[in-house]
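As structure tokens, the structure follows; a few thoughts come after it.
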Amino acid sequence: MSRFVRRSLPPARRRGDRRGIALIVVVATVMFLTALVTDISFGARVRFLAAAHERDEAKSYWLAQTGVAIYRLVLMGDRQMQGNQMVSQMLGGVTLWQSIPFINTGLLRMFAAGGGDVEEDDVEAYAQTGQVSEEVEAESREDTTHFGNRNFLDFDGDFSAEIKGEECGINVNAMASRSSTTRPSDTATGKQILGLMTGEENDQWLRDRNLDKYDLVDNLGDWIDADTLVASGKGGYEDDFYNSLPSPYVAKNARFDTIQEIRLVEGWQDEVFDRWGSSLTIYGSGKVNISCADDTVLAGLIKAHVTPIPTDTEIQRILGELHNYTSMATFSSGSEFVTWLTDQGVTPDSDLASEVTTKTKVFTITSVGTVGDASAKITAVIDYTSSNQGTMVYWRVD
């Protein structure tokens, strides 16, 4: 019996060994399947989130497109209504595009949800996040104002758009047509840019930075003229400065393609562009629209074309009188503007009437669409000089 037991023990140990190996195989299989399932689940989740983000990016792009399209309709309507005295009186003498300076569906949602009132908390939340709350969005979709059988605000996300008339600023590209013997700062455009930089505060600002406003204007002219020689009369080559930079480049010797390109011009980096860049443009006929130009541009025009140059105090008085006048009437031509200035006790030169206009034909539309964490920004420049439908001269998506 004992011999039988001793002989039977080794097989029992072999069965125990096999059970241990089987347990290890089972544990390893479970671990492998767990890792596999986790990887598949994680990959599916990543693909789902990526697809959702791409969906939101597509939605945000088309929302931004909607902002551009609405303003194109506004501009087409504006051109159709030009010359209609009744419409002009209804709009207070301003054009249709000026009466709608921006479109913001987030604000529209807050108005719709609040029944015409906007809660301060909703405004603060929108300012921080760029989106309205889920409650405001849901309530705005239930508004009774419908287009067809859907509410105008019944869509995901929001868009905001604004419009700017390019001829409301001073066109630096106009200096490209000057003769080779004319200094850029002596052209009408150059004088107007000098006017922007003239005044007690501006003079002190330039002195503090050891900058010469005539050099700054001449550098703009050198960047866009066809030759490579410095036009200020100091002599030398335009590229001498640019070749000495850590990352050298040469003057373009052609018109500016974007307004930000001005930052490449000697002296116009950073502070100078930040101070006066918003008053400049690279589009339009070269004439300044006095009906939409801001106070900085108007002051520059007056300083450029009035002799003697008015003091800052006198400029403020003239601008105040101008605001009072334009609140009740509008100028129909540059000659009327010159006559009005003369009545204010100043003496404009004979060039001012031909350097200003009351019409704008080139516009920049900036529209931003936002859906969730995705956003798209479209910048479009449209020229209506030769077509009521407009010609797209610049298009950028960010």
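The values are calculated or read from the model by the stated rules, or taken from the named source; none is laboratory data. Model, not experiment: these values are computed from the prediction. For neighbour counting, all protein chains shown are included, and Cβ atoms are generated from backbone atoms with ideal geometry for every residue, glycine included. Surface accessibility is based on the protein's heavy atoms, side chains included, excluding ligands, DNA and RNA. Shrake-Rupley method; radii C 1.70, N 1.55, O 1.52, S 1.80 Å.
Below is a table of values for the structure above.
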quantity	calculated
Some residue of segment 310-326 being over 24 Å from the mean Cα position of the chain (by Cα), more than 26 Å from L206 (Cα to Cα) and touching a residue at least 60 places away in the same chain (Cβ under 8 Å)	yes
Number of positions in segment 355-384 that are more than 22 Å from R79 (Cβ to Cβ) and either assigned to a strand (DSSP E or B) or open to solvent by less than 60 Å² (accessible area, probe 1.4 Å) (or both)	10
Among the residues listed as S285, S279, the single one being touching a helix residue (DSSP H, G or I) at 6+ places or on another chain (Cβ under 9 Å), within 29 Å of T358 (Cβ to Cβ), small (G, A, S) and surrounded by fewer than 17 Cβ atoms within 10 Å (Cβ to Cβ)	S285
Residue list for segment 323-339, filter: open to solvent by less than 70 Å² (accessible area, probe 1.4 Å) and in contact with a Phe, Trp or Tyr (Cβ under 8 Å, 6 or more places away or on another chain)	F331, F337
Helices (runs of 4 or more DSSP H) lying entirely in segment 202-287 (those with 1 or more residues that are in contact (Cβ under 8 Å) with a residue 40 or more places away in the chain, aromatic (F, W, Y) and closer than 14 Å to I170 by Cβ)	271-276
Breaking point among (1) surrounded by fewer than 17 Cβ atoms within 10 Å (Cβ to Cβ); (2) out of contact with any helix residue (DSSP H, G or I) (no Cβ under 7 Å at 6 or more places or on another chain), for D351	(2)
Enumeration of residues in segment 160-173 that are open to solvent by 30 Å² or more (accessible area, probe 1.4 Å) and farther than 14 Å from A293 by Cβ	S160, E162
Candidates Q204, Q192, filtered to the one that is within 30 Å of D312 (Cβ to Cβ) and surrounded by fewer than 19 Cβ atoms within 10 Å (Cβ to Cβ)	Q204
Filter pass, G334 being in contact with a Lys or Arg (Cβ under 9 Å, 6 or more places away or on another chain) and either at pLDDT below 95 or more than 22 Å from G165 (Cα to Cα) (or both)	yes
Residue that is nearest to the chain's Cα centre (by Cα) [pool: residues in segment 41-61 that are of a type in the set (G, A, S) and under 20 Å from V371 (Cβ atoms)]	S60
Meets criteria (modelled with pLDDT of 75 or more, at negative phi and touching a Ser or Thr at 6+ places or on another chain (Cβ under 6 Å)) for F159	yes
Residue, most open to solvent (accessible area, probe 1.4 Å), within segment 43-65, restricted to residues that are free of Cβ contacts under 8 Å to residues at least 40 places away in the same chain and closer than 16 Å to D398 by Cα	E54
Boolean, V87 is in a loop (DSSP other than H, G, I, E, B), open to solvent by less than 60 Å² (accessible area, probe 1.4 Å), among the hydrophobic types (A, V, I, L, M, F, W, C) and modelled with pLDDT under 80	no
Of the criteria (1) under 30 Å from V68 (Cβ atoms); (2) among the aliphatic types (A, V, I, L, M); (3) open to solvent by less than 10 Å² (accessible area, probe 1.4 Å), which one I315 fails	(1)
Residue that is modelled with the highest pLDDT [pool: residues in segment 99-122 that are assigned to a helix (DSSP H, G or I), farther than 18 Å from A374 by Cβ and open to solvent by less than 60 Å² (accessible area, probe 1.4 Å)]	S99
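Let's see how each residue does on (1) assigned to a helix (DSSP H, G or I); (2) in contact with a Pro (Cβ under 7 Å, 6 or more places away or on another chain):
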{"residue": "P310", "(1), (2)": "no, no"}
{"residue": "E314", "(1), (2)": "yes, no"}
{"residue": "L322", "(1), (2)": "yes, no"}
{"residue": "A329", "(1), (2)": "no, no"}
{"residue": "V338", "(1), (2)": "yes, yes"}
